[in-house]
1. Can you give me the number of residues within the range 105-122 that are over 9 Å from the mean Cα position of the chain (by Cα) and farther than 16 Å from Asn151 by Cα?
2. Filter the range 165-218 down to the residues that are out of contact with any Phe, Trp or Tyr (no Cβ under 6 Å at 6 or more places or on another chain), of a type in the set (S, T, N, Q) and part of a loop (DSSP other than H, G, I, E, B), then identify the one that is farthest from His136 (Cα to Cα).
3. Of everything in the range 174-184 that's under 12 Å from the mean Cα position of the chain (by Cα) and more than 9 Å from the ligand (Cβ to nearest atom), which residue is surrounded by the most Cβ atoms within 10 Å (Cβ to Cβ)?
4. Considering only the range 118-130, I want to know if a residue exists there that is free of Cβ contacts under 8 Å to residues at least 24 places away in the same chain, buried (at least 20 other Cβ atoms within 10 Å of the Cβ) and assigned to a loop (DSSP other than H, G, I, E, B).
5. Give the residue that is farthest from the ligand (Cβ to nearest atom), with candidates limited to residues of the range 156-173 that are without any contact (Cβ under 8 Å) to a residue 60 or more places away in the chain and crowded, with 21+ Cβ neighbours inside 10 Å.
6. Every residue in the range 131-155 that is more than 9 Å from the ligand (Cβ to nearest atom) and assigned to a strand (DSSP E or B), please.
Amino acid sequence: MRSVIAAASVISAASAFPWVATQGGVDTSLMKRQQSGGSNPGGPQSCPFNPNHVPAAPYNFTRYPYNGAQNGKAYVLPVFRFEHHSNKHNSGKGVGGYQVPAPGDTDHYFVAPKSTDIRGPCPGLNAAANHGFLAHDGITTFNELVDAQQNIYNVGYDLAQLLAVLGLTLTDGDLVTEKLSIGCDATTRTSFNPALTGSEPGLDGHNKFEADTSLTRK
Ligand code: HEM
């Protein structure tokens, strides 16, 4: 733990005071920072490209109800629900305790990511994409994110929306297309106009949606 704290303090010191890196005894191998430009890790040139984008697998709530969250819209109490419109727009019931994927729901069975699929720093979203609750290639949408969080993990509707909004805004997803890369910079696929928006680095974006601790990463 002491070496971790020492390492952590060296890293923060080095980025704040670059001359630290030149001091004797400082292990500079710890100071690899993710640069999301060009062909660097997380950059557009090294970002997997799937030419045949397929959205998340459709839900069959009659057979596999999960939490019934659909199309990311607000929950409408049954008494106020108008037949022709609101039935299609449900938030989750907020009740968990069911198996995911449901036995027999082959559309949501695990499929390993291919070389053209984007995965990123969030194990929750990576697993959702592996199971088709998010687009398998990792280019997802606001609605897919809000529905998947509720249907898979029973995340509350408001938190699911908040995280999706943070994902879209903090890590520069696209507010027009409502698309977000769950990993590297896929601006050519998320942006409504790359010339106007500039780079949309996705969840890999450095210093965007990021914490200084990790369960699994240095
Ligand atoms: C729209 C929803 C979500 C977004 C935008 C999101 C985004 C992220 C990002 C950017 C990180 C990396 C943070 C870092 O490197 O410091 C992360 C980490 C993580 N996320 Fe998510 N997340 C979402 C939902 C979820 C859900 C639903 C779960 C679990 C049920 C989850 C579990 C985790 C865990 C455990 C980590 C820590 C991984 C590690 O560092 O070891 N996330 N998330």
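Every read-out reported here was derived from the displayed coordinates using simple, explicitly stated rules and does not represent laboratory data. All figures in this text were calculated on a predicted structure; none of them were measured in a lab. Every residue, glycine as well, gets a Cβ built from its backbone with ideal geometry; the counts of neighbours run over all protein chains shown.
1. The first filter runs over the range 105-122 and keeps only residues over 9 Å from the mean Cα position of the chain (by Cα), leaving 105-118.
Now drop any that are not farther than 16 Å from Asn151 by Cα, which leaves 111-118.
The total comes to 8.
2. Result: Thr213.
3. Ser181
4. no
5. Asp172
6. Ile139, Thr141
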